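Any read-out appearing in this document is the output of simple, stated calculations on the displayed coordinates, not a laboratory observation. Quantities reported herein were computed from a predicted structural model and do not represent experimental measurements. Cβ coordinates were reconstructed from backbone atoms using ideal geometry, including for glycine residues, and neighbour counts include every protein chain displayed.
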């Protein structure tokens with residue numbers, strides 16, 4: 001989740017910016033490039049991993065699984081899409097503006113990538129993945145069938161699509177399916193996770209990831225897939241080597257609120273960027289950048305804790321608690 005927030009944090013370089021601000025902006029853009037090379041594939045892979053542990057492995061029923069997932073993911077999807085839609089209708093000068101019409105309103109839900117809150121494509125995609133619960137159960141019982149499915153998923157990544165959105169971001173669901181299924185496989189086979197955490201595997205992933213920044217003469221989709229996979233597996237392997245006590249101390253403050261950070265953080269970060277542009281103070285880029293990252297994480301956590309204290313089930317449902 002931290003990589004997602006970092007990817008959304010670069011400020012704009014305006015007329016008042018100094019050369020120092022411009023240099024800081026270049027660093028922020030580099031971090032964004034790193035984040036965007038694997039952060040959503042990693043998010044999807046982790047979703048597959050957790051889905052196996054919490055649903056498939058525990059024998060959860062199809063009906064209960066979809067009901068629970070719609071409450072947790074679907075209700076916030078509807079609420080925040082409506083909120084962002086009317087916010088953009090009545091607030092000028094925004095990216096991806098929308099018009100107040102029935103067609104535009106319906107399209108915001110059906111085509112989330114083209115809607116007022118583009119980030120919601122992820123929610124639509126994982127809901128599509130979760131709907132295939134019974135298919136995963138059958139495939140994962142057979143190792144050869146699992147391998148065949150993984151190869152097919154890799155092939156789906158290379159299917160040329162002119163529009164990467166589609167109805168309920170279906171094209172993106174097809175494109176990123178390899179990461180979700182790989183997450184399922186890692187959870188279903190302990191040997192995979194053990195191998196990923198070995199130093200030699202971590203080193204190979206690091207070399208591949210860094211090499212993809214400079215490789216030339218290779219199909220762009222191949223570079224993208226190798227970079228995404230190596231970045232995801234590198235993060236996974238390093239996380240396995242991370243001291244558990246240190247990990248608890250560093251991430252305990254927000255690790256239970258990742259979905260709420262995903263939903264609320266973007267609005268907070270937009271507000272910080274607007275304040276930065278409004279103040280027009282030279283030499284403040286790094287301070288506002290750090291503020292943008294921290295606010296994007298901890299203000300949603302604070303809001304979530306306040307709502308939990310209120311203890312209203314409807315408020316909890318609106319933000320996926």
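In which sequence would 39, 25 go, from the one with the fewest C-beta neighbours within 10 Å to the one with the most?
Numbers: 39 23, 25 18.
Fewest to most other Cβ atoms nearby, the residues stand as 25, 39.
Over the chain, what is the relative contact order in whole percent, taking alpha-carbon pairs under 8 Å and six or more residues apart?
Relative contact order, the chain: 27 percent.
How many Å³ per residue does the convex hull of the Cα positions in region 273-321 occupy?
Working: hull volume 3.9 nm³, N = 49.
Value for region 273-321: 80 Å³ per residue.
Would you work out the relative contact order for region 37-187, in percent, from Cα pairs under 8 angstrom that are 6 or more residues apart?
37 percent
Using Cα-Cα distances under 8 Å and only pairs 6 or more residues apart, what relative contact order does region 112-169 have, in percent?
On the way: 27 pairs, mean separation 31.1, N = 58.
The normalised contact order for region 112-169 reaches 54 percent.
Give or take rounding to whole Å, what are the principal axis extents of the alpha carbon atoms in region 17-65, in descending order?
Dimensions of region 17-65 along the principal axes of its Cα atoms: 58, 16, 10 Å.
Between Rg and the Kirkwood Rh of the chain, both from Cα atoms, what is the Rg to Rh ratio? Display every interim value, and only then the final one.
Working: Rg = 20.5 Å, Rh = 21.3 Å.
Radius of gyration over Kirkwood radius for the chain works out to 0.96.
Considering only 240, 231, 183, give the residue with the highest GNM mean-square fluctuation for the chain, with springs between Cα atoms whenever their separation is below 10 Å.
Residue with maximal mean-square fluctuation among 240, 231, 183: 240.
Once you compute Rg and the Kirkwood Rh from C-alpha atoms, what is the Rg to Rh ratio for region 144-211?
Numbers: Rg = 14.6 Å, Rh = 13.8 Å.
Over the Cα atoms of region 144-211, Rg/Rh equals 1.06.
Rounded, prolate or oblate: pick one for region 98-229, where a ≥ b ≥ c are the square roots of the eigenvalues of its C-alpha gyration tensor, a/c under 1.5 means rounded, and failing that, prolate if a/b is larger than b/c, else oblate.
Verdict is oblate for region 98-229.
What is the Å³ per residue value for the convex hull set by the Cα atoms of region 37-187?
Hull volume over Cα atoms, normalised by residue count, gives 115 Å³.
Sorted from fewest to most neighbouring beta carbons within 10 Å, what does the list 75, 275 look like?
275, 75
For n ≥ 4 DSSP H runs only, could you compute -39500 (n - 2.57) per run for the chain, divide by its residues and tell me the 222 nm figure to the nearest 500?
When only DSSP H runs of four or more count, the value is -22500 deg cm²/dmol.
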